[in-house]
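Take a look at the structure set out below.
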Amino acid sequence: MVPQHPQTGEPWPTPPGVAAAPLAADVWMYLAFHNERLLVPATGKLPSSIERDDPLPPHPWRRLWPVEQVFFHTLARLPAVRQPWLRAIHDSGSALFRPR
């Protein structure tokens, strides 16, 4: 089995006297270089016999708080801000952050 060129469709050159069955390049690549890696992240914990080789991600040292001016500017641009419950949030908070 030999790959075909993806653009021209010509098979890979072979030595004289060798029979070759041409395959599409992507099929040939899959067969020649296929590995057993999962395409999705695995869930669950590692077995106790396996040690991690990468450090855990750092944890934030404080809670995430949005920047008020950016939050209310974004909120004002949403069409849903016309709903009374969301408008009340916008009006109560944006009054605190208006430029003086």
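Read-outs: derived from the displayed coordinates by stated rules, not from any lab. These numbers come from a predicted model, not from an experiment. Note that each Cβ is placed from the backbone with ideal geometry, even for glycine, and that neighbours are counted across all protein chains shown.
Below are the figures for this structure:
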item	result
Alpha-carbon spread of the chain, three principal axes, descending order, Å	87, 46, 25
Debye, to nearest 20: dipole size of the chain, +1 on Lys, Arg Cβ, -1 on Asp, Glu Cβ	1020
Backbone HN-Hα couplings from phi across segment 62-71 [Karplus 6.51/-1.76/1.60, Hz, Gly and Pro as x]	8, 5, 7, 10, x, 6, 4, 4, 5, 4
Potential lengthening between Thr74 and Leu46 on full extension [0.36 nm per residue; Cα-Cα distance subtracted]	5.9 nm
